[in-house]
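Novice: The structure follows.
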4 protein chains.
Amino acid sequence: MINVTIYNEFVHETTHESVRAIYPQGIHGTIKAFLEKDSAIGKIRCATLADHREALSQEVLDDTDVLVWWGHMAHDKVDDAVVAKVIRRVLDGMGFIVLHSGHASKPFQRLLGTDTPLLRWREAGEKVRLWNIAKNHPITQGLGESWVIPHDETYGEPFGIPNPDELIFISWFQGGEVFRSGATWRRGEGKIFYFQNGHETFPIYHQKEVQLVITNAVKWANPCQRHCAVDRGKGNDAPFEKYELEDGSFTPVTRH
Amino acid sequence: MINVTIYNEFVHETTHESVRAIYPQGIHGTIKAFLEKDSAIGKIRCATLADHREALSQEVLDDTDVLVWWGHMAHDKVDDAVVAKVIRRVLDGMGFIVLHSGHASKPFQRLLGTDTPLLRWREAGEKVRLWNIAKNHPITQGLGESWVIPHDETYGEPFGIPNPDELIFISWFQGGEVFRSGATWRRGEGKIFYFQNGHETFPIYHQKEVQLVITNAVKWANPCQRHCAVDRGKGNDAPFEKYELEDGSFTPVTRH
Amino acid sequence: MINVTIYNEFVHETTHESVRAIYPQGIHGTIKAFLEKDSAIGKIRCATLADHREALSQEVLDDTDVLVWWGHMAHDKVDDAVVAKVIRRVLDGMGFIVLHSGHASKPFQRLLGTDTPLLRWREAGEKVRLWNIAKNHPITQGLGESWVIPHDETYGEPFGIPNPDELIFISWFQGGEVFRSGATWRRGEGKIFYFQNGHETFPIYHQKEVQLVITNAVKWANPCQRHCAVDRGKGNDAPFEKYELEDGSFTPVTRH
Amino acid sequence: MINVTIYNEFVHETTHESVRAIYPQGIHGTIKAFLEKDSAIGKIRCATLADHREALSQEVLDDTDVLVWWGHMAHDKVDDAVVAKVIRRVLDGMGFIVLHSGHASKPFQRLLGTDTPLLRWREAGEKVRLWNIAKNHPITQGLGESWVIPHDETYGEPFGIPNPDELIFISWFQGGEVFRSGATWRRGEGKIFYFQNGHETFPIYHQKEVQLVITNAVKWANPCQRHCAVDRGKGNDAPFEKYELEDGSFTPVTRH
């Protein structure tokens, strides 16, 4: 069973009526509701900006297999100490699913080595066609060769990300842009998936293809072991092989 | 002409007689001296921990094509504001050559999304054989299929780096370890090269193969343009293509 | 249940008493025996050089999820028509596990775009230490940070492979060589894993770590769907979007 | 000086008046004419299907730094012996620029491990917008963030290529498709660049941006050394390091 924690900023839903109308339980509530239907998924916790210091405590993170992240207007307000814990957990194997404006969140930018701004955008409600370019990838199972999101914010290349380990989706936008809208990276022992779609003013997370992508991604990002930290702390332990230093001028610290 | 700036912590040389004996002008002095011999290299500036706030000012960084970085015991003391400037400049195209313990420096870890510690090590003066696995790469020109550094600190896998864009060297160590000792990544528009060798207690930077690696790497990392920042600031500009929103329920912000 | 087919050349075992002593049922027999113990693995078929035209028929390949390949001295004798079928099946999703000298087999070289010879070697029975550099990868589950094969043929870099998608193992050899001994690639919809160890004169496939690697790899390479062929045959179908050609001088073949 | 050889099938131009009108000297003639203007480029030879056995002889290939390839309707007729020589030369360092339908040529498919068909297409003269996603790459120097080809054949994802080492362009098509229209790979010591545009019925190679892409690509693909073949033929040479076999049961072939 995969333990999932969902971080949602939860600011737009409380300040904009139009967003609340789409996500009355918050974006995290909608995501939680569809993830709950999958039998592989165990405990689902939620965290918001308001409570993230406690809701993303070390104890919670240590019990989390995959963290889902949605943030947009309050990236700055996320506590650096929490960010450091999230990063360490990803490096130790926790999966990390980053949605939409999460490309500008601290943990994503810190793990990918990027900065802001790193893409072009347009809030115009354009049609998006997502092309599935990894038919035999766990994240795309159940999806066809391409599919449409009727209206979303446009994101455009160049997207200042490191070359993805796997490119999953490329999107076509009505206004002339293209975007690498689904991509994976490994950092340390953790698997990261970025998925572009999900502007808060559109009912993206109610669309079944999007729900499938996120559910599949959670299962894909689940680590083989919850804590995969490599034990690297042992500097200066004994060498594995016997040898003689050739000129005797240096004394190895330890020897068999 | 390539403008190079060399950051060297310059602490070991001032506190350890044995290190000063090897690098009387500091590690940066030795690196500067051999880089100066290459006709493609222009202005060479040096910075140390003591003066790095001024010596790595925005003005200097803006005039730098490639930054070389050596640090070991005082990574923490490097100013975060300087680190942020370095990162921004790499993302905008500045080359970045990271030597030895620089894997634990703030700018390298921030750009690669890593954390400390991320490798195994042993200070035993073991013999290292570096295998050149990229014969037709600019960084390896003039080097043979393999070559030896008689004594260096041992670094061992697993090395917690993201999968390199190009793997240049793999090292064999007498004690049984292997290490990806030369590797490249792109971040934003900048090229990064990490080279493992160079423990301060050995005369590594006096060895001609090492000098060749670093000189070649500086030339390889030189950006096509000194400032390659993508202009991403223009959100909500007009779409490139004309189109009609299908159901009329969303009003695009801008239109032709 | 994963259907596995094992191709083993089966020439050394029939011509060299010393090899037969190690693998009385052939290398394929030994591999089959340990794979059978895993409950995720279904039907296991075997093919040898002598019968490979029938044993690797289209029907068999179509019913195979993962193909394991061991060959050494008779790569040339493998039928090109069979090779073409194997390649097509990998591109359509079949997993492909290539062992030891299989790096010189026709299907591996054809899928990776390599040629022969592409590595250094020495038959000296040297000790090998394999370093696990992907602790949270399905292929390494159950293995520690490093492990030893007491005696095997030495393979040395440079190994003329394309940059792996994932580097799993790097080996240290007693004689001074290093080797990327475990690596993965995707080709089309299929997953490929190369594992270096397994010279026929040593009991490598009787060693439990090696058995674990191969068993894990079979499960990792199992496709999401047995046949993932992308339907690319539909040239000149209708465009997805309506548009007007700007100058009218070209007539699109099909329109909405 | 970079020696370039251009292979152009040269069948459409001789059989279709409309194509001859665009390329009266053949596509190779147009490419040769703009490459000649660059001072870094030395000898330029041309080869066509009719004379390719002689015009792509071993002697010519050995004197070629970068080979440019355009083919469409007669891939099958290219001599397998010539293909084998081309592949060997790429693995030994020769650059290889593959244009348009060259994705289905024997040397490209053999080097990338692909098969046919591997993309979607539509001959509809649609507008294409190419997005430059590698601003600091030698291939994109002089190009802006995006640019338009007014009419070309549409190619659509999924494009069955291995994950590129560097993704240079992604194209947007009027009809709803996207395509990875510029990408690089290394194979052996050689650099490969694929560029999608150039259907024979449009004057693509007369467009200045396209000419810039191809000229830049030739310079980028130029090897550090004309012949970079790794000397891998020396199996069973002496080990680099002295060691003792632990149990004496195997006798190394050679020893210091």
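Novice: Order these by the 10 Å Cβ neighbour count, fewest first: A:43, D:208.
Specialist: D:208, A:43
Novice: Next up: Against the longest principal axis of chain C, how steep is helix C:26-35, in degrees 0 to 90 to the nearest 10, with axes from Cα atoms?
Specialist: Tilt relative to chain C: about 70 degrees.
Novice: Can you tally the net charge around residue D:87? Count Lys and Arg as +1, Asp and Glu as -1, for every other residue whose Cβ sits under 12 Å from the Cβ of residue D:87.
Specialist: Summing Lys/Arg as +1 and Asp/Glu as -1 gives +4.
Novice: Suppose you put the label 7 Å out from Cα in the Cβ direction; list, shortest first and in nm with one decimal, how far residue B:1 is from each other copy's label.
Specialist: For residue B:1, the inter-copy label distances come out at 3.0, 6.9, 7.5 nm.
Novice: Between copies, how far does the label point of residue D:25 sit from its twins, in nm, shortest first, when each point is 7 Å from Cα along Cα→Cβ?
Specialist: Relative to the other copies, residue D:25 has label-point distances of 5.3, 6.9, 7.0 nm.
Novice: So, one more: Report the residue, chosen from A:236, A:216, A:132, that carries the largest GNM mean-square fluctuation when chain A is represented by alpha-carbon nodes joined by springs under 10 Å.
Specialist: For chain A, modelled as a Gaussian network with Cα springs under 10 Å, the answer is A:236.
Novice: Moving to a separate point now. Suppose the Debye formula is applied to equal point scatterers at every Cα of chain C; what is log10 I(q)/I(0) at q = 0.12 Å⁻¹?
Specialist: -0.68
Novice: Can you give the charge dipole size of region A:66-205 about its Cα centre, rounded to the nearest 20 debye, using +1 on the beta carbon of Lys and Arg and -1 on the beta carbon of Asp and Glu?
Specialist: 320
Novice: About the Cα centre of region A:1-137, what is the dipole size in debye to 20, counting +1 per Lys and Arg Cβ and -1 per Asp and Glu Cβ, all else neutral?
Specialist: Dipole of region A:1-137, to the nearest 20 debye: 500 debye.
Novice: Rounded to whole angstrom, how close does the nearest chain D beta-carbon get to the axis mapping D onto C, and which residue is it?
Specialist: For the rotation taking chain D to chain C, the closest Cβ gives D:113, 3.
Novice: Quick one: if the Förster radius is 25 Å, what FRET efficiency do residue D:88 and residue C:79 give, using the C-beta to C-beta distance and rounding to 0.05?
Specialist: Efficiency for this residue pair is about 0.60.
Novice: Give me the percent of DSSP beta bridges within the protein assembly as shown that run antiparallel, rounded to the nearest 5.
Specialist: 55
Novice: Pick out which of B:21, B:238, B:40 has the largest mean-square fluctuation in a Gaussian network model of chain B, springs linking Cα atoms closer than 10 Å.
Specialist: Result: B:238 has the largest fluctuation of those listed.
Novice: Where a ≥ b ≥ c are the square roots of the eigenvalues of the C-alpha gyration tensor, would you call region A:2-89 rounded, which needs a/c under 1.5, or, failing that, prolate if a/b is larger than b/c, or oblate?
Specialist: Oblate, because a/c is 1.5 or more while a/b does not exceed b/c.
Novice: Of the candidates C:63, C:38, C:237, which one comes out as most mobile in a Gaussian network treatment of chain C with C-alpha springs shorter than 10 Å?
Specialist: C:237
Novice: Total Lys pairs in region C:18-96 closer than 23 Å by alpha-carbon, pairs eight or more apart in sequence or interchain only?
Specialist: 4
Novice: Let me ask something additional. What does the copy distance list look like for residue B:88, label position 7 Å along Cα→Cβ, in nm and ordered from shortest?
Specialist: Counterpart label points of residue B:88 in the remaining copies fall at 2.9, 5.5, 5.7 nm.
Novice: Once you compute Rg and the Kirkwood Rh from C-alpha atoms, what is the Rg to Rh ratio for region A:61-134?
Specialist: Over the Cα atoms of region A:61-134, Rg/Rh equals 1.02.
Novice: Straight-line reach from residue A:106: which aspartates and glutamates have a Cα under 16 Å away, not including same-chain ones fewer than 8 places off?
Specialist: Reachable aspartates and glutamates: A:9, A:76, A:79, A:80, A:115, B:80, B:115.
Novice: Relative contact order, percent, of region D:55-145 when contacts are C-alpha pairs under 8 Å separated by at least 6 residues?
Specialist: 26
Novice: Just from its helices, what would the mean residue ellipticity at 222 nm be for chain D, if runs of 4 or more DSSP H residues each count -39500 (n - 2.57) and the sum is divided by every residue, rounded to the nearest 500 deg cm²/dmol?
Specialist: Helix contribution divided over all residues of chain D: -6500 deg cm²/dmol.
Novice: Further, regarding this structure: Could you please report the charge total around residue D:26, scoring K, R as +1 and D, E as -1 over all other residues with beta-carbon less than 13 angstrom from its beta-carbon?
Specialist: Net local charge, residue D:26 excluded: -2.
Novice: Moving to a separate point now. Assigning unit charges at the beta carbon (Lys, Arg +1; Asp, Glu -1) and nothing else, what dipole magnitude in debye, to the nearest 20, does chain B show about its Cα centre?
Specialist: The dipole magnitude comes to about 380 debye.
Novice: Same structure again: Let me confirm one metric for peptide D:163-171, namely the mean number of other chain beta-carbon atoms within 10 Å of its residues' beta-carbons.
Specialist: 5
Novice: What percent do you get for the relative contact order of chain B when only Cα pairs under 8 Å and 6+ apart count?
Specialist: 20 percent.
Novice: Whole angstrom only: what separates the Cα centroid of region D:151-180 from the Cα centroid of region C:65-91?
Specialist: 31
Values quoted throughout were computed directly from the atomic coordinates according to the rules given, and no laboratory measurement underlies them. Owing to the predicted nature of the structure, the values given are computational and were not obtained by experimental measurement. As a convention, Cβ positions derive from the backbone with ideal geometry for all residues, glycine included, and neighbour counts pool all protein chains shown.
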